[in-house]
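Quick note: the coordinates plus some simple rules give every number you see, no bench work behind them. Remember, predicted model here, so these are calculated numbers, not experimental data. So basically every Cβ, Gly included, is an ideal-geometry build from the backbone, and we count neighbours across all protein chains shown.
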DNA sequence: CATGAATGAGAGTTCATTCAT
DNA sequence: CATGAATGAACTCTCATTCAT
């Protein structure tokens, strides 16, 4: 088996992520990645042919992580997703800084953009699926199940965006009310069902 | 050489915005701005002492536009806001490309980040205020009025993020259902009120 | 009479000197001069057609000051010169920082260099003249009166160079011994004279 | 492209010295150094991380050369030093143009200034030591041996400064009389000894 | 007289990238 | 496999200078 000598590709990607989050897109340089990883710039080029490829590798890595997370069947998937979303929702969120940096970078690179879109779509779908299991009917007439996934996923991302921009954003209390909101919707499905 | 009054600061900011959106954060160079504006790089530096200052000027400009938009009292403010949100929600949305690029840039610059956070906060507040006028009570128990503003604003931004990443995102239909969602919520306030 | 409105040429030269000393040759910019003087760059150009001309004006100013100092007849001229030299001999000597900066600048500009050379020559001459009045004969055979002026002037400048480079240079004690040195030489002229 | 080992650091320093002397401090640009050395600017930056570091490297190089020169024990060290001083004393003196440019540059950079001061101090000391070997006693009462080193070194530098500023400075004859001066001083030590 | 807006060349510096070793 | 030296283009930024007002 090919045993990488000093650093594995996977490790490099991790270091690159850190760099991207710490330095920001504008100062995300291959030299910085190399230094963080303790290798030379040449080494980066041995593993990734260009900077773009490295960025793409980061995106692919996020995709995979995301698929796995989504695919793993869980009891109470919605509650789980909500907990995970809340834990990532903060002013210093590694994940969202990374994601939003990649979004900005995606405006220059269709492939990155497209892949990030796929992640979103998959999340939407997973949410829709799980909500279907939970709700006998749509809580509100005129809103399809697929759309509920999209709307709620959008809410999660929108809240993350707010948190990442506002130091004093009250994540805890908002998420508590967010849960009430979801429970309230669920309750509606019962009432509707009874009718 | 040295013709006075070729461009105003305001015009430069407009050109800079265009550049930022068209070229993306990584390739947003002062040379590009200068070329777009038809002036020399020196002129940019005469008006904005650094690139960072130019970015800040863009953010400040967005802030002002945003305040004005929010401050102007309107009938049916919610409907208006929704229409405006929908019109800006697209794969090629100038506004959201600009905003998200600035968000990424804000990870390097607290002032930018803070100002963007202020915009969000102001939008939240405006939404809350308008919803208060519309809803006699909260549609769902346990969700305060302020939180409704935050949640719905998050939804709008989250949808924009989705649209900007997915070429085939069905903005029209989603927004139609989004309206149903809001109407559904409004309906709930009536029922609650009757109780 | 033409009454300069905001600043006189002379004042500008003073500000320019300050800038040159404070910022050093490499960062001696017309903008800095303008700011220091509280005028715009254009104003500098009204008074001096180029940066070179400004530097030359500084040199000319130093020349004039120097001539006047030298020309003024004094009793005990040597003692006076020595006292003045000592007072200018320090790590932060405005005069020598200025002079040496101009010397370096003179390597690019023959006119500056030449004028600085003239100052030196005049100082040499004045010293020689004064020594002649003091010494009946040369203290040491084979050293002409003109040369004594040159040697002692060189010593003064050399000491200043040392002082300007060494924070802990013991100016006081060195100058005390420098005086002994001169007195010793004077004593020699007496002995020689008696023979 | 990218041929390894085109220039050594040492060579670059030499080229940089040449540039500094030829172009003067104000026009001493890294581009010029690169062109002189036949490499690209990037190469300069690979070896010296900033322009300041390059200047410092030049100073350090001069220091080392200077130490070696001083440390090497010689017969008739004074005569040797004088000969070397005379050879470097001219209107176009590479060494003194370099040194004085660095002095001016040192006004912006304490490290450079300090190192240049160290060179002076070491020269002073070496001179004092050598004079001690030559003179049984101080030629003139009230002037210590250390001070003699300082005074004579100052003279050497002062003469160099004069020479560098005056095209027609009579280096030859002055140095001849300078030698008489030193011999005269030596003679005094004998007389003093006899007393 | 003096200014402020603009210029354009060039400064120092960084960066992705290459390639012999 | 990995490195270190080198590249060259591009970047941000500064500067002396110009000129209409």
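Can you classify the range A:49-102 as rounded, prolate or oblate using the Cα gyration tensor, where a ≥ b ≥ c are the square roots of its eigenvalues, rounded means a/c under 1.5, and otherwise it's prolate if a/b beats b/c and oblate if not? It is oblate, given that a/c is not under 1.5 and a/b is not larger than b/c.
Based on DSSP H runs of at least 4 residues, each adding -39500 (n - 2.57), what is the mean residue ellipticity at 222 nm of chain A after dividing by all its residues, to the nearest 500 deg cm²/dmol?
-24500 deg cm²/dmol
With its label point put 7 Å out from Cα toward Cβ, residue A:186 sits 2.9, 10.6, 10.6 nm from the same residue's point in the other copies, in order from shortest.
Residue-level result for chain C: its Cβ closest to the axis carrying C onto A, with that distance in Å, is C:27, 13.
Across peptide C:163-173, the mean count of Cβ atoms from other chains lying within 10 Å of each residue's own Cβ comes to 4. Modelled spin-label separation between residue D:90 and residue C:92, with each label point placed 7 Å from Cα along the Cα-to-Cβ direction: 4.1 nm. Here C:129, B:72 are placed in order of increasing Cβ neighbour count within 10 Å, fewest first, which gives B:72, C:129. Comment: the Cα-to-Cβ extended label point of residue C:9, at 7 Å, lies 3.7, 5.1, 7.4 nm from its counterparts in the other copies, nearest first.
When A:36, B:29 are sorted by how many other C-beta atoms sit within 10 angstrom of their C-beta, beginning with the fewest, the order is B:29, A:36.
For a test of the definition: using alpha carbon positions, the gyration tensor, and the 1.5 limit on a/c, classify the range D:1-104 as rounded, prolate or oblate. It comes out prolate by the Cα gyration axes.
Size estimate for the protein assembly as shown follows the Kirkwood approach: the inverse of mean 1/r over distinct Cα pairs works out to 33.0 Å.
Rounded to 0.05, the FRET efficiency of the residue C:108 and residue D:129 pair, given R0 = 35 Å and the Cβ-Cβ distance, is 0.35.
Starting from the Cα of residue A:11, move 7 Å in the Cα-to-Cβ direction to define the label point; list residues of the range A:37-54 whose amide nitrogen is under 20 Å from there. Of the residues in the range A:37-54, A:37-49, A:54 have backbone N under 20 Å from the label point off residue A:11.
Taking the fewest neighbouring Cβ atoms within 10 Å as the starting point, the ordered list for D:152, A:44 is A:44, D:152. Put a dot 7 Å past the Cα of residue A:51, heading toward its Cβ, do the same for residue B:47, and the two dots end up 2.7 nm apart. Once you reduce the range D:139-179 and the range C:119-169 to the center of their Cα atoms, the two points are 9 Å from each other.
Here the spin labels are modelled as points 7 Å beyond Cα on the Cα-Cβ line, and at residue D:71 and residue A:176 they lie 7.4 nm apart. Anisotropy class assigned to the range A:80-172 is oblate, per the alpha carbon gyration tensor with a/c at or over the 1.5 cut-off and a/b no larger than b/c.
Inter-chain neighbour count for B:117-129: the average number of beta-carbon atoms from partner chains within 10 Å of each residue's beta-carbon is 2. The distance separating the Cα centre of the range A:11-63 from that of the range D:30-90 comes to 40 Å. With the label put 7 angstrom out from Cα along the Cα-to-Cβ vector, residue B:134 ends up 2.3, 9.7, 9.9 nm from the copy partners, going from closest to farthest.
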